[in-house]
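Colleague: Okay, handing you the structure first.
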Amino acid sequence: MSDDVMIRMNQIYKKFNQLEVLKGINLEVKRGEVLAIIGPSGSGKSTLLRCLNRLETIEKGAIEVEGEFLVQEKNGVTTYTDAVTSKMILGKMGMVFQQFNLFPHMTVLENLIEAPILVKNMKSEDIIPIAEQLLAKVGLLDKRDVYPSRLSGGQKQRVAIARALTMKPDIMLFDEPTSALDPELTGEVLKTMRQLAEEHMTMIVVTHEMAFAREVANKVIFMADGEIVEEGSPKSFFANPQEIRTKSFLQNML
Amino acid sequence: MEKIIGMVMPMLDGSGITLQIFFITLALSLPLGLLVALARISGIRPLGFAMEVYIWLMRGTPLMLQLLFVYFALPMVGILLPDLAAALLAFTLNYAAYFAEIFRSGIQSIERGQYEAAKTLGMTYIQTMRRIIIPQMLKRVLPPISNETINLVKDTSLIYILAMNDLLRVARTIVQREFDMTPFVIAGVFYLAMTFVLTWLFNRLEARYAKYDE
């Protein structure tokens with residue numbers, strides 16, 4: 001494994017009951033790369049992301065993060081690693097959800113500092129300045145003592161991004177981060193994500209935002225029916241799609 | 001007037017027993033109910049099944065029967081409890097079962113996304129329950145918990161059959177002695193007063209939880 005490959009997914013198979021949702025996915029993400037995954041709903045793109053951080057378990061295949069296997073084939077059996085290694089690997093990844101999933105009973109600041117205090121045993125006086133810095137970065141420092149219900153969707157999602165960042169992840173996963181937002185609110189979230197990309201955060205973004213994929217991503221993957229249909233640099237992908245399914249999808253989107 | 005005061009004084013004593021049963025039962029059955037709820041949804045099959053059986057027994061038989069069982073049947077197998085302890089045992093086991101079901105439904109009403117967010121932030125199951133799920137659950141279950149608590153005030157009168165001098169039994173004794181119905185009215189006022197205080201307390205609690213919306 002060359003040093004700059006951060007994530008390698010190999011021959012991933014996943015079923016929900018009888019329905020095969022991932023049919024042998026192969027994927028590599030390099031350090032600092034922004035990978036956009038696009039495709040129609042039901043194509044398995046969100047599931048793929050959720051398999052990566054073990055919100056779903058896979059039936060077959062291997063997932064390797066920075067040289068450590070989360071899951072691999074051992075004597076023909078798909079085997080997840082031990083609990084300690086798994087926690088270590090999953091700790092490298094932060095996740096942002098379509099539905100934000102902020103903790104409604106905690107203020108914005110409490111949302112940010114809860115996990116570092118519980119999981120990393122940080123002292124609140126050490127984490128609060130870091131959290132405030134992150135809130136300033138997403139432009140919401142003035143909302144630190146507000147409950148999430150008082151925020152707009154775009155603000156909620158920026159808080160969710162800041163919350164994931166307090167755990168200092170090496171990789172950020174975004175599961176349709178703007179799909180639950182009113183169109184006029186997507187811009188502020190995309191701006192925050194663009195900012196992260198400029199700081200060379202490794203990102204995997206499942207999205208319907210073609211403009212974001214084209215302008216910010218280094219690589220675009222198009223999925224349909226549980227398979228990767230086409231992948232490439234955004235330039236060639238959008239200008240010159242090869243596959244019929246990609247072409248018709250892009251035509252419908254643009 | 002003097003006559004009424006003469007009635008109220010022993011009834012105050014009686015309400016002491018009533019309040020004792022009420023507060024101790026509440027203090028024991030709420031945490032026990034939460035533990036039962038957590039055990040029931042723990043995913044450990046035998047444990048979950050045992051809790052289901054326990055809840056079924058407690059909800060499926062009259063509280064009166066349970067009281068009689070603890071009071072009269074347990075001594076036959078050599079378990080002899082003081083009156084108050086026997087009553088508390090039956091009340092606590094019964095109310096814990098109802099509270100457990102309320103807590104369980106509350107826990108299960110919390111969106112899966114909350115668990116997923118906690119998990120991706122590295123929290124363990126216990127941390128997630130303690131810091132994320134249970135605090136949100138408490139807000140949602142306040143109204144049904146309030147209901148059950150008010151029921152408990154009135155259910156304490158069932159110890160009447162155990163010959164313990166609670167509020168209702170004292171009232172009945174005076175009624176029979178004086179042939180005057182006033183003690184029943186006074187008892188009614190006592191129960192109403194307790195319920196009034198409880199309602200007020202729960203409203204305060206709900207107001208406190210109203211600082212955040214979901």
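Colleague: Any idea how many residues of segment B:69-92 are open to solvent by less than 60 Å² (accessible area, probe 1.4 Å), closer than 16 Å to B:Ser157 by Cα and not β-branched (Val, Ile, Thr)?
Modeller: Number of matching residues: 8.
Colleague: Given the residues B:Arg40, B:Arg59, which is the only one that is surrounded by 14 or more Cβ atoms within 10 Å (Cβ to Cβ), of a type in the set (D, E, K, R) and either farther than 24 Å from B:Ala171 by Cβ or within 18 Å of the chain's Cα centre (by Cα) (or both)?
Modeller: None of the other options fit; the residue is B:Arg40.
Colleague: Something else: So A:Met172 passes all but one of these: (1) of a type outside the set (Lys, Arg); (2) in contact (Cβ under 8 Å) with a residue 12 or more places away in the chain; (3) open to solvent by 10 Å² or more (accessible area, probe 1.4 Å). Which condition number does it fail?
Modeller: (3)
Colleague: In segment B:109-135, what residues are part of a helix (DSSP H, G or I), open to solvent by less than 40 Å² (accessible area, probe 1.4 Å) and facing chain A (nearest Cβ under 7 Å)?
Modeller: B:Gly113, B:Gln114, B:Glu116, B:Ala117, B:Thr120, B:Gln127, B:Ile132, B:Pro135
Colleague: Can you spot a residue in segment B:172-181 that is loosely packed, with under 13 Cβ neighbours inside 10 Å, hydrophobic (A, V, I, L, M, F, W, C) and modelled with pLDDT of 95 or more?
Modeller: Looking for residues that are loosely packed, with under 13 Cβ neighbours inside 10 Å, hydrophobic (A, V, I, L, M, F, W, C) and modelled with pLDDT of 95 or more, one finds none in segment B:172-181, hence no.
Colleague: Does B:Phe23 satisfy the condition of being open to solvent by 70 Å² or more (accessible area, probe 1.4 Å), among the aromatic types (Phe, Trp, Tyr) and farther than 22 Å from B:Ile134 by Cα?
Modeller: Judged against the criteria, B:Phe23 is a match.
Colleague: Could you tell me which residue of segment A:197-254 is least open to solvent (accessible area, probe 1.4 Å), considering only residues that are of a type in the set (Ser, Thr, Tyr) and free of Cβ contacts under 8 Å to residues at least 60 places away in the same chain?
Modeller: Of everything passing the filter in segment A:197-254, A:Thr246 is least open to solvent (accessible area, probe 1.4 Å).
Residue-by-condition table, conditions (1) over 21 Å from B:Arg130 (Cβ atoms); (2) within 14 Å of chain B (Cβ to nearest Cβ):
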{"site": "A:Gln98", "(1), (2)": "yes, yes"}
{"site": "A:Leu112", "(1), (2)": "no, yes"}
{"site": "A:Pro116", "(1), (2)": "no, yes"}
{"site": "A:Glu132", "(1), (2)": "yes, no"}
{"site": "A:Lys137", "(1), (2)": "yes, no"}
{"site": "A:Leu140", "(1), (2)": "yes, no"}
{"site": "A:Asp145", "(1), (2)": "yes, yes"}
{"site": "A:Arg158", "(1), (2)": "yes, no"}
{"site": "A:Thr178", "(1), (2)": "yes, no"}
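Colleague: Here is a follow-up. Out of all the residues in segment A:175-192, which are open to solvent by less than 10 Å² (accessible area, probe 1.4 Å) and either among the small types (Gly, Ala, Ser) or closer than 22 Å to B:Lys119 by Cβ (or both)?
Modeller: A:Pro177
Colleague: For segment B:136-169, how many residues meet the condition of being part of a helix (DSSP H, G or I) and open to solvent by 10 Å² or more (accessible area, probe 1.4 Å)?
Modeller: The number of residues fulfilling the criteria is 20.
Colleague: Also, quick follow-up: For the list (1) within 21 Å of the chain's Cα centre (by Cα); (2) facing chain B (nearest Cβ under 10 Å); (3) open to solvent by 10 Å² or more (accessible area, probe 1.4 Å), I need the number of the one condition that A:Gly94 fails.
Modeller: That leaves (3) as the condition not met.
Colleague: Condition first: surrounded by fewer than 15 Cβ atoms within 10 Å (Cβ to Cβ) and closer than 30 Å to B:Val170 by Cα. Can you find one or more residues in segment B:45-53 that meet it?
Modeller: No - not one qualifying residue is present in segment B:45-53.
Colleague: When segment B:136-178 is examined, which residues are found to be within 14 Å of chain A (Cβ to nearest Cβ) and in contact (Cβ under 8 Å) with a residue 40 or more places away in the chain?
Modeller: Within segment B:136-178, B:Gln136, B:Leu138, B:Lys139, B:Leu142 qualify.
Colleague: Report whether or not B:Val77 is in contact (Cβ under 8 Å) with a residue 40 or more places away in the chain and away from chain A (no Cβ under 14 Å).
Modeller: no
Colleague: Scan segment A:137-159 for residues that are surrounded by fewer than 17 Cβ atoms within 10 Å (Cβ to Cβ) and not hydroxyl-bearing (Ser, Thr, Tyr) and jot them down.
Modeller: Result: A:Gly139, A:Leu141, A:Asp142, A:Asp145, A:Val146, A:Arg150.
Colleague: Tell me whether segment B:141-150 contains one or more residues that are β-branched (Val, Ile, Thr), over 23 Å from B:Gln66 (Cα atoms) and at pLDDT 90 or above.
Modeller: Yes, segment B:141-150 contains at least one residue that is β-branched (Val, Ile, Thr), over 23 Å from B:Gln66 (Cα atoms) and at pLDDT 90 or above.
Colleague: Still on this structure: Here are some conditions: (1) buried (at least 21 other Cβ atoms within 10 Å of the Cβ); (2) part of a strand (DSSP E or B). A:Lys23 meets all but one. Which one does it not meet?
Modeller: (1)
The values are calculated or read from the model by the stated rules, or taken from the named source; none is laboratory data. Being a predicted model, the structure only gives us computed values, none of them experimental. Heads up, the Cβs are rebuilt from the backbone with ideal geometry, glycines too, and the neighbour counts pull from every protein chain shown. What goes into the accessible areas is simple: the full protein's heavy atoms, side chains included, and nothing from ligands, DNA or RNA. Shrake-Rupley method; radii C 1.70, N 1.55, O 1.52, S 1.80 Å.
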